[in-house]
1. Kindly list, by first and then second residue, each pair from a residue in region 201-219 that is exposed (fewer than 14 other Cβ atoms within 10 Å of the Cβ) to a residue that is modelled with pLDDT of 95 or more, limited to pairs with Cβ atoms under 6 Å and residues at least 6 apart or on different chains.
2. Of a type in the set (Asp, Glu), under 23 Å from Ser266 (Cβ atoms) and touching a strand residue (DSSP E or B) at 6+ places or on another chain (Cβ under 6 Å) - does that describe any residue in region 6-15?
3. Scan region 128-177 for residues that are over 30 Å from Gly208 (Cβ atoms), in a loop (DSSP other than H, G, I, E, B) and without any contact (Cβ under 8 Å) to a residue 24 or more places away in the chain and jot them down.
4. Could you please give the count of residues in region 262-282 that are surrounded by fewer than 18 Cβ atoms within 10 Å (Cβ to Cβ) and in contact with a helix residue (DSSP H, G or I) (Cβ under 9 Å, 6 or more places away or on another chain)?
5. Just give me the residues in region 52-67 being part of a helix (DSSP H, G or I) and either touching a Gly at 6+ places or on another chain (Cβ under 7 Å) or within 19 Å of Arg79 (Cα to Cα) (or both), in sequence order.
6. Just checking, does region 201-220 include any residue being within 20 Å of Ile135 (Cβ to Cβ) and in contact with a helix residue (DSSP H, G or I) (Cβ under 7 Å, 6 or more places away or on another chain)?
7. Anything in region 35-51 that is part of a loop (DSSP other than H, G, I, E, B), closer than 13 Å to His68 by Cα and not acidic (Asp, Glu)? List them, or say none.
8. Residues Ala19, Ala28, Ala70: which one is in a helix (DSSP H, G or I) and modelled with pLDDT of 95 or more?
Amino acid sequence: MTDYGHDLLFGTFITPTAALPERVVDLARASETAGLDLVTFQDHPYQPRFLDTWTLLAYVAARTETIHLAANVTNLPLRPPAVLARAVASLDLLSGGRVELGLGAGAFWDAIAAMGGERLEPGDAVVALEEAIDIIRGTWDATNRARFTVDGRHHRVDGAKRGPAPAHAVPIWVGALKPRMLRLIGRKADGWLPSVGRLAGVAALREGNRTIDDAARAAGRDPRAIRRLLNVGGSFGATPGDGLPVGPPDLLAVQFSALAIDHGVSGFILASDDPVEIAAFGYEVAPAVRERVAAERARIALL
């Protein structure tokens with residue numbers, strides 16, 4: 001049993017379809033209306049069928065009031081970290097502290113290279129991501145008067161000006177599956193954001209948590225500082241299997257509660273462009289999970 005004790009977050013993962021821009025915004029607003037905490041969009045700058053994610057995030061921030069926003073996850077090879085850091089901080093200030101940073105090392109390298117990005121081998125991509133995290137955090141550290149220098153292999157700053165600081169402590173959630181990336185999360189990141197469709201059952205979730213926890217302890221960090229989130233795809237009507245969540249709302253509530261208490265997952269992000277599913281997720285699933293997890297935590301605290 002591994003409960004890291006985080007408050008629960010529920011959100012959506014909406015396809016940023018360029019052909020239906022107002023529908024994309026409407027689904028984000030529907031997520032807010034349903035009481036969800038977070039709306040996210042995939043970031044594939046080389047994909048002409050999609051809206052540019054950071055333009056979309058800014059627009060959605062202006063059309064909403066309470067819901068938090070994030071890329072799921074930001075394509076680092078095409079978004080220089082110092083510029084990305086200022087974009088995040090600026091939108092966080094403009095939105096009243098509603099921006100989170102999902103970050104990825106990159107995939108689809110042919111498409112990235114076609115857009116002018118650097119093609120990286122897997123090991124180099126991990127190094128580049130670690131360098132980027134250092135630059136992003138250093139940029140946000142606006143009160144630090146020390147010379148800002150990161151002499152990385154792939155990303156560098158040399159005397160760059162710091163700031164602005166974001167409106168709140170923006171977490172960096174990393175999308176990752178392989179051990180090297182998981183160890184990086186343990187050393188440097190604030191959250192792990194995998195997708196159900198790419199995990200080989202709960203055993204992979206358990207092993208990923210163990211890798212992150214070991215790396216965190218080796219770096220002198222408390223593993224409880226690292227949030228565990230999960231992108232959940234599929235249909236509400238799907239058949240359950242392998243311990244990962246699918247099924248109707250009442251079954252999802254049971255499964256999510258078990259994932260929270262047994263495997264430490266505290267963020268559940270539904271990949272859906274269906275307003276009916278989004279409403280059910282916000283009005284039915286999220287409250288039921290919160291109630292179940294609160295009751296189980298209270299019971300455990302009395303033992």
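The values are calculated or read from the model by the stated rules, or taken from the named source; none is laboratory data. Since this is a predicted model, take the numbers as computed values, not measurements. Positions of Cβ are generated from backbone atoms using ideal geometry, with glycine treated the same way; all protein chains shown enter the neighbour counts.
1. Sorted first by the residue in region 201-219, then by its partner, the pairs are Ala219/Arg187.
2. First, pick out the residues of region 6-15 that are of a type in the set (Asp, Glu): 7.
So of that shortlist, the ones also under 23 Å from Ser266 (Cβ atoms) come out as 7.
Keeping just the survivors that are touching a strand residue (DSSP E or B) at 6+ places or on another chain (Cβ under 6 Å) gives none.
There is no residue in region 6-15 that is of a type in the set (Asp, Glu), under 23 Å from Ser266 (Cβ atoms) and touching a strand residue (DSSP E or B) at 6+ places or on another chain (Cβ under 6 Å).
3. Filtering region 128-177 for residues over 30 Å from Gly208 (Cβ atoms) gives 142-149, 151, 156-165, 167.
Among the residues that remain, those that are also in a loop (DSSP other than H, G, I, E, B) are: 142-148, 159-165, 167.
Result: Ala142, Thr143, Asn144, Arg145, Ala146, Arg147, Phe148, Gly159, Lys161.
4. If we filter region 262-282 for residues that are surrounded by fewer than 18 Cβ atoms within 10 Å (Cβ to Cβ), which is where we start, we get 262, 273-276, 279.
Next, from what is left, pick out any that are in contact with a helix residue (DSSP H, G or I) (Cβ under 9 Å, 6 or more places away or on another chain): 262, 273-275, 279.
Residues in region 262-282 being surrounded by fewer than 18 Cβ atoms within 10 Å (Cβ to Cβ) and in contact with a helix residue (DSSP H, G or I) (Cβ under 9 Å, 6 or more places away or on another chain): 5 in total.
5. Of the residues in region 52-67, the ones part of a helix (DSSP H, G or I) are 53-63.
Correct list: Thr53, Trp54, Thr55, Leu56, Leu57, Ala58, Tyr59.
6. At the first step, the residues of region 201-220 found to be within 20 Å of Ile135 (Cβ to Cβ) are 219.
Keeping just the survivors that are in contact with a helix residue (DSSP H, G or I) (Cβ under 7 Å, 6 or more places away or on another chain) gives 219.
Looking for residues that are within 20 Å of Ile135 (Cβ to Cβ) and in contact with a helix residue (DSSP H, G or I) (Cβ under 7 Å, 6 or more places away or on another chain), one finds at least one in region 201-220, hence yes.
7. Here is the first cut: in region 35-51, the residues part of a loop (DSSP other than H, G, I, E, B) are 35-37, 42-49, 51.
Of the ones still in play, those that are also closer than 13 Å to His68 by Cα are 35-37.
Result: Gly35, Leu36.
8. Working: Ala19 fails: in a helix (DSSP H, G or I); Ala70 fails: in a helix (DSSP H, G or I).
Within the list Ala19, Ala28, Ala70, the selection yields Ala28.
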